[in-house]
1. Quick one: dipole size for the chain, taken about the Cα centre, charges +1 on Lys/Arg Cβ and -1 on Asp/Glu Cβ, in debye to the nearest 20.
2. With a cut-off of at most 13 other beta carbons within 10 Å, and DSSP calling the residue loop, which chymotrypsin sites (Phe, Trp or Tyr not before Pro) in the range 127-162 qualify? Please list them.
3. In whole Å, how far is the Cα centre of the range 88-103 from that of the range 133-176?
4. Among bridges DSSP assigns within the chain, what percent are antiparallel (round to 5)?
5. Using +1 at the C-beta of Lys and Arg and -1 at the C-beta of Asp and Glu, which of 56, 87, 26 has the Cα lying farthest in the positive direction of the dipole of the chain?
6. Please list, ordered by chain and number, the residues whose modelled amide H lies under 5 Å from the amide H of residue 101; skip anything fewer than 5 residues away on the same chain.
7. By the gyration tensor of its Cα atoms, with a ≥ b ≥ c the square roots of the eigenvalues, what is the shape of the chain: rounded for a/c under 1.5, prolate for a/b over b/c, or oblate?
8. Spelling out what I want: for every residue of the range 28-33, take phi, set θ = phi - 60°, compute 6.51 cos²θ - 1.76 cosθ + 1.60 (Karplus), and round to whole Hz; glycine and proline get x.
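Quick note: the coordinates plus some simple rules give every number you see, no bench work behind them. In this text the structure is predicted, and so the values were computed from the model without any measurement. Note that we place each Cβ from the backbone using ideal geometry, even for glycine, and neighbour counts take in every protein chain shown.
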Amino acid sequence: MPDTALQPGFMESKIRVAAPLEAKLVSEILSEAAQWLEGRGIPLWSPEQVSLATISPEVQGGLYYLAWVRSTAVGTMRLTDSDPAFWPEAVPGEALYLHRLAVRRAAAGGELSSQLLRWAASYAAVSGARYLRLDCETFRHSLRHVYERFGFRYHSERVVRRAVVARYQLLCTQVA
C-alpha cells in the first residue's frame, strides 16, 4: 500500500547528510530515478554509476544528502566544494556544486525537488559560497526548464567526456 504522505503536492521534508549506513538508500533512490528515465528513453546514469559499490565511498565522505518525509527517504543529492571536470576555471570556495538530485517516483510531481534545491542553496550560502552550481546535458530541455524556473541562470556550455553540458549557477543570496 503506498504511503499517502508521499503523494504529489506539498510535503515538508527534513534534509540531512546521509549517514554511512544509508548508502543503500541513496543508491536505491538514484537507481529508481535512473530506471524511470531509461524507461522513458532518456537515460542519465548507468546502473554502475548509481550502484552501492560506487555510491558508498561518496556517502562515507559526506557528499550525499537525504530528504525524509516521516520515516521514508524520498530524495537525495550530492554536494561538493569543487567540480574540476565541469568547472575547471572556478575560483576555489566561490561555489558548491550540485549533482545527482533524485526523487522517488512516489514523491515526484510535488515540491520536493524545489525543497532540495532551496536547502542546497541555503547550505551553500551558510558555507560561505556565493553560488550553487550545476550542469546538465544541453538536450535535457525539461530539466533545464526546472532549473531556470527555480532561478538558476545559464552560465555557459562545456564539453565533458564527449557530452555537451549546459552550466548553470544560482546566486545564493537570491534564495529566501
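1. Numbers: 20 positive and 17 negative charges, 51 e Å.
Around 240 debye, computed over the chain.
2. Details: sites: 131, 139, 147, 150, 152, 154; in loops: 139, 152.
Of the chymotrypsin sites (Phe, Trp or Tyr not before Pro), the ones in loops of the range 127-162 whose Cβ has at most 13 other Cβ atoms within 10 Å are 139.
3. 11 Å
4. Details: 29 of 32 bridges.
Roughly 90 percent of the beta bridges in the chain run antiparallel, per DSSP.
5. 87
6. Under 5 Å from the amide H of residue 101: 78.
7. Details: a/c = 1.37, a/b = 1.27, b/c = 1.08.
The shape class here is rounded.
8. Working through the residues one at a time gives 4, 5, 5, 5, 4, 5 Hz.
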